[in-house]
Amino acid sequence: KAHTSHDRNQQYLGLGLIVLAYAVIFLPLISIALQYQQYYEGSSESNLLSQAAFVTLSLFAALSAVVLVTKKDFSFLKSILTVGFIIAIGFIIAGMIFGFDLGLFFSGAMVVLAAGTILYQTSNLFHEYHTDQYVGAAVGLFSSLMLLFWYILQIFMSRD
């Protein structure tokens, strides 16, 4: 509703709910990452969260700059991203049912999918959203950013 509504209260409610949901989802992963950092105290893995955050924000900035500089409409990515997410959900469900680890390749593919989503969402910010829908646009971008961070952190945590 936050994406389509012109009511700012609904938009802020949607943004608040999505931020709360991501906080709940990310707490276990961040807790594991912090334990991982403590285990590797003094090595390059000891600042794992900051490294993953830096890479995530750098990629986000670069992808957003591509849209800002080129002013290209990336709406053509919608069907590609939809198919990509359906395939990803299929792999996730299969992994849960059959008990296999999705691994580093899957995380890399999800980073690519998240990057496409950032291009798509940033493009929508300029080409689709009205000026009074800035909160709804923020919800989409925030979701894409957190998806990117999740899988970059997964990749960093898989280093041995």
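The values are calculated or read from the model by the stated rules, or taken from the named source; none is laboratory data. Quantities reported herein were computed from a predicted structural model and do not represent experimental measurements. Neighbour counts run over all protein chains shown; Cβ positions are idealised from the backbone, glycine included. Keep in mind that these areas ignore ligands, DNA and RNA; they rest on the heavy atoms of the full protein, side chains included. Shrake-Rupley method; radii C 1.70, N 1.55, O 1.52, S 1.80 Å.
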With an 8 Å Cα cut-off and a minimum separation of 6 or more residues, compute the relative contact order for the chain in percent. 37 percent
Which whole-percent values make up P(r) of the stretch 77-123 when all C-alpha to C-alpha distances are grouped in 10 Å steps starting at zero? 26, 50, 21, 3
Residue-averaged 222 nm ellipticity for the chain, from DSSP H runs of 4+ at -39500 (n - 2.57), nearest 500: -28000 deg cm²/dmol
Highest mean first, how do 67-73, 92-98, 144-150, 122-128 rank when packing is the count of other Cβ atoms within 10 Å averaged over residues? 144-150, 122-128, 67-73, 92-98
Once Rh is set to the Kirkwood radius over Cα pairs, what Stokes-Einstein translational diffusion coefficient, in µm²/s, holds for the stretch 93-160 at a temperature of 37 °C and a viscosity of 0.692 mPa s? 244 µm²/s
Scalar couplings 3J(HN,Hα) for the stretch 132-146 by Karplus 6.51 cos²θ - 1.76 cosθ + 1.60 (θ = phi - 60°), nearest whole Hz, x for Gly and Pro, are 8, 10, 5, 5, x, 5, 5, 4, x, 5, 4, 4, 5, 4, 5
So what is the accessible area of the chain per residue, in Å², with the probe set to 1.4 Å? 59 Å²
Roughly what percent of Cα-Cα pairs across the chain reach past 29 Å? 24 percent
Counting only protein heavy atoms, what percent of the accessible surface of the chain is carbon or sulfur at a 1.4 Å probe? 70 percent
In debye, nearest 20, what is the charge dipole magnitude of the chain about its Cα centre with +1 on Lys and Arg Cβ and -1 on Asp and Glu Cβ, if you could check? 320 debye
Which of PHE100, HIS127, SER50 sits closest to the plus end of the dipole of the stretch 24-134, meaning its Cα is farthest towards the positive end, when Lys and Arg get +1 and Asp and Glu get -1 on the C-beta? HIS127
